[in-house]
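See below for the structure under consideration.
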Amino acid sequence: MSEVTEDRYADFYTRQLASPTLARIYREVYGDDHPEELRPFGFVTRTDLARFADLLSLRPGELLVDVGCGRGGPGVSLARDAGARLLGLDPVESAVRGARELSVTLGLPEARFEIGGFTATGLGDASCDAVLSVDALWMVWNKRAAFAEMARILRPGGRLVFSTWEPGYLDHAKMLVRAGFTVTAKEEAHRWLERQLEVYRLVLQEADTLREELGPGAPVLLAEAKDTPATLPDTPRYIIAATL
Ligand SMILES: C[S@@+](CC[C@H](N)C(=O)[O-])C[C@H]1O[C@@H](n2cnc3c(N)ncnc32)[C@H](O)[C@@H]1O
């Protein structure tokens, strides 16, 4: 399947932890709201994580699937705190390897991480209780197929909770309804715009140092920091929840 060959972040994940400058940028911009210990790659905050926890309402023993898990930290913290089981899926092998290591550090060594994605989960029908996805759905070309797969793997009553950006031509809520979901929340993430723009400004300001620290992982980040700000104000970052 084409999506499992999506690997633009492979070099980034290999070098992410070697960049004190990138870590400092996030610390400066988000302060205490940055969950640094989870090593996120994206814009998730502690405020977002608290909202995800509410919307997921995980019970002990339930299976949470984190799609586009990257290094896995956000899903690990939510599953660990709820006593739930966790499967993380990402098309990038260096991310999956990093997630296996980080889950041990974060105290959830039994978490599983596999290569996979939105339309390549490898899971059976109605096999999970909840799906989380943090800042990953925007990368998926065929969102209709992605939502159909989420509807297939979630059990009746299962919850889907995700954050993503919504350009004007796209209506995630409408697509979810078409896929059989009931949308239970759609809200802009707390103070997302000013802080995301500030991250990009500082990334461009520190471009030379980031090139040194991230090596082949730098170009994808620098390109995003250069190209995204122009359209960002018209592309809100939403937290969306739906149930079957
Ligand atoms: C911005 S990162 C977010 C990672 C992680 N959720 C976090 O918050 O730290 C987006 C992730 O989506 C993954 N991705 C790309 N295409 C995907 C797809 N079709 N299905 C699932 N994940 C995908 C990327 O490899 C990347 O790890």
Contacts under 7 angstrom Cβ, first residue in segment 1-17 being near the ligand (Cβ under 8 Å from one of its atoms) and modelled with pLDDT under 85, partner of a type outside the set (Gly, Ala, Ser) and in a helix (DSSP H, G or I), 6 or more apart: Glu6/Met139
Selected residue [under 20 Å from Val67 (Cα atoms), of a type outside the set (Val, Ile, Thr) and in a strand (DSSP E or B)] from Ala241, Ala173: Ala241
Within segment 28-73, considering residues that are within 12 Å of the ligand (Cβ to nearest atom) and either without any contact (Cβ under 8 Å) to a residue 12 or more places away in the chain or aromatic (Phe, Trp, Tyr) (or both), the one nearest to Ala99 (Cα to Cα): Phe41
Residue check for Arg211: at positive phi and of a type outside the set (A, V, I, L, M): no
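Given Gly180, Gly158, which one is at positive phi, of a type outside the set (A, V, I, L, M, F, W, C) and over 15 Å from the mean Cα position of the chain (by Cα)?
Testing whether each residue is at positive phi, of a type outside the set (A, V, I, L, M, F, W, C) and over 15 Å from the mean Cα position of the chain (by Cα) leaves just Gly180.
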Flag if Ala23 is more than 17 Å from the chain's Cα centre (by Cα) and surrounded by 19 or more Cβ atoms within 10 Å (Cβ to Cβ): no
Unique residue being in a helix (DSSP H, G or I) and either among the acidic types (Asp, Glu) or under 25 Å from Arg85 (Cβ atoms) (or both) when the list is Ala223, Ala185, Ala148: Ala148
Failed criterion for Gly42 (all others in (1) surrounded by fewer than 19 Cβ atoms within 10 Å (Cβ to Cβ); (2) closer than 18 Å to Gly88 by Cα; (3) touching a helix residue (DSSP H, G or I) at 6+ places or on another chain (Cβ under 8 Å) hold): (3)
Answer residue from segment 165-197, given it is surrounded by 14 or more Cβ atoms within 10 Å (Cβ to Cβ) and among the basic types (Lys, Arg) and is farthest from His34 (Cα to Cα) among those: Lys186
Those residues of segment 101-131 which are among the aliphatic types (A, V, I, L, M) and not in a loop (DSSP other than H, G, I, E, B), in sequence order: Leu102, Val104, Ile115, Ala120, Ala130, Val131
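What about Ser77, is it within 15 Å of the chain's Cα centre (by Cα), polar (S, T, N, Q) and within 29 Å of Ala148 (Cβ to Cβ)?
yes
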Residue among Gly116, Gly88, Gly107, Gly83 that is under 21 Å from Leu56 (Cα atoms), within 9 Å of the ligand (Cβ to nearest atom) and of a type outside the set (Ser, Thr, Tyr): Gly88
Residue count, segment 206-217 (criterion: assigned to a helix (DSSP H, G or I) and either in contact (Cβ under 8 Å) with a residue 60 or more places away in the chain or under 14 Å from Tyr26 (Cβ atoms) (or both)): 7
Only listed residue being surrounded by 14 or more Cβ atoms within 10 Å (Cβ to Cβ) and within 14 Å of the ligand (Cβ to nearest atom), chosen from Asp135, Asp129: Asp135
Selection status of Leu137, aliphatic (A, V, I, L, M), in contact with a Phe, Trp or Tyr (Cβ under 7 Å, 6 or more places away or on another chain) and farther than 19 Å from Gly88 by Cβ: no
Enumeration of residues in segment 46-78 that are buried (at least 22 other Cβ atoms within 10 Å of the Cβ) and of a type in the set (Val, Ile, Thr): Val65, Val67, Val76
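The values are calculated or read from the model by the stated rules, or taken from the named source; none is laboratory data. None of these values were measured; they are calculated from a predicted model. Backbone-built Cβ (ideal geometry, glycine too); neighbour counts: all protein chains shown.
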